[in-house]
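Student: Let me begin by handing over the structure; questions about it come next.
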Amino acid sequence: MEPCRMVSFQEVWKSEEVNAYIKNGNENLGVIGFTEHGFAHAKRSADTARDILQCLGYDERTCELAAIAGYMHDIGNVVNRVDHAQSGALMAFQILNRMKMDPAELALVVAAIGNHDEGTAAAVNPIAAALILSDKSDVRRSRVRDKGTVDADIHDRVNYAVVHSSIDIDTANRTAALNIKIDTEICPVMEYFEIFLTRMVLCRKAAQYLGLLFELIINDTRLL
């Protein structure tokens, strides 16, 4: 058996195989009318997941594993949107196993990817919790592919109405605050809750796993 090694985020980020799956998965979702799930979303999810754990004092290797999971979490869309978390986790296992990632680390990354989607998600480890928060906080105008769908599609309308979003960790008060600025002329705040309430409940559970209180702040008003 060949020895394991520490697979770096840079290796995953530059992997032609991983990037082919992200690209084609995003194209597949475009055909069926989903928002952007390409390189911008992958990199933002990776960076945010890493930042969350760094803020909480996790060791650098755990933070890097969170970035790896964040970058790879949507590769299963190349297979199908349905159950993409599970198919993506199996794909990630094959890729990272070939890269000789340590099985103990691989188990954490695969669990995080397999537990990030609302229907089956759970904060089963710190990497999974950070991935849930980073993935679900990426709501932004630039994820809408076609402005012509904004009036007819509530998901596109909500995303298009968001002019700023960030997940802010306050270690002193032990809070994770999702701060969102919404143009209410495009979308009323109620529509955000209409489609994202399940995600916010999931974020609350993920924050709780990390020892944090989840807060939702929209247009400077705390709603959760």
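Any read-out appearing in this document is the output of simple, stated calculations on the displayed coordinates, not a laboratory observation. Keep in mind the model is a prediction, meaning the values are calculated, not measured. In this analysis, Cβ positions are derived from the backbone assuming ideal geometry, glycine residues included, and neighbour counts consider all displayed protein chains.
Student: Could you tell me whether region 16-34 includes any residue that is over 13 Å from the mean Cα position of the chain (by Cα), under 29 Å from ALA176 (Cα atoms) and part of a helix (DSSP H, G or I)?
Tutor: Within region 16-34, one or more residues are over 13 Å from the mean Cα position of the chain (by Cα), under 29 Å from ALA176 (Cα atoms) and part of a helix (DSSP H, G or I).
Student: Then there is this: Filter region 139-187 down to the residues that are acidic (Asp, Glu) and within 28 Å of LEU212 (Cα to Cα) and list them by number. Can you show your working first?
Tutor: First pass over region 139-187, keeping only residues acidic (Asp, Glu): 146, 151, 153, 156, 168, 170, 183, 185.
Answer for region 139-187, where residues must be acidic (Asp, Glu) and within 28 Å of LEU212 (Cα to Cα): ASP168, ASP170.
Student: Can you pull out every residue in region 132-155 that is within 29 Å of ALA176 (Cα to Cα) and not charged (D, E, K, R)?
Tutor: The answer is ILE132, LEU133, SER134, SER137, VAL139, SER142, VAL144, ILE154, HIS155.
Student: Given the conditions (1) surrounded by 19 or more Cβ atoms within 10 Å (Cβ to Cβ); (2) of a type outside the set (A, V, I, L, M, F, W, C); (3) under 14 Å from LEU29 (Cβ atoms); (4) free of Cβ contacts under 8 Å to residues at least 40 places away in the same chain, which single one is not true for ASP156?
Tutor: Of everything listed in (1) surrounded by 19 or more Cβ atoms within 10 Å (Cβ to Cβ); (2) of a type outside the set (A, V, I, L, M, F, W, C); (3) under 14 Å from LEU29 (Cβ atoms); (4) free of Cβ contacts under 8 Å to residues at least 40 places away in the same chain, ASP156 misses just condition (4).
Student: Sticking with this structure for a sec: Mind telling me which of the residues VAL162, VAL109 ends up being among the hydrophobic types (A, V, I, L, M, F, W, C), in contact with a strand residue (DSSP E or B) (Cβ under 7 Å, 6 or more places away or on another chain) and surrounded by 21 or more Cβ atoms within 10 Å (Cβ to Cβ)?
Tutor: On the way: VAL109 fails: in contact with a strand residue (DSSP E or B) (Cβ under 7 Å, 6 or more places away or on another chain).
Of the residues listed, the single one that is among the hydrophobic types (A, V, I, L, M, F, W, C), in contact with a strand residue (DSSP E or B) (Cβ under 7 Å, 6 or more places away or on another chain) and surrounded by 21 or more Cβ atoms within 10 Å (Cβ to Cβ) is VAL162.
Student: Within region 112-126, track down each residue that is surrounded by fewer than 19 Cβ atoms within 10 Å (Cβ to Cβ) and touching a residue at least 40 places away in the same chain (Cβ under 8 Å).
Tutor: Restricting attention to region 112-126, the residues satisfying the condition of being surrounded by fewer than 19 Cβ atoms within 10 Å (Cβ to Cβ) are 118-120, 122, 124.
GLU118, ALA122 - these are the residues of region 112-126 that are surrounded by fewer than 19 Cβ atoms within 10 Å (Cβ to Cβ) and touching a residue at least 40 places away in the same chain (Cβ under 8 Å).
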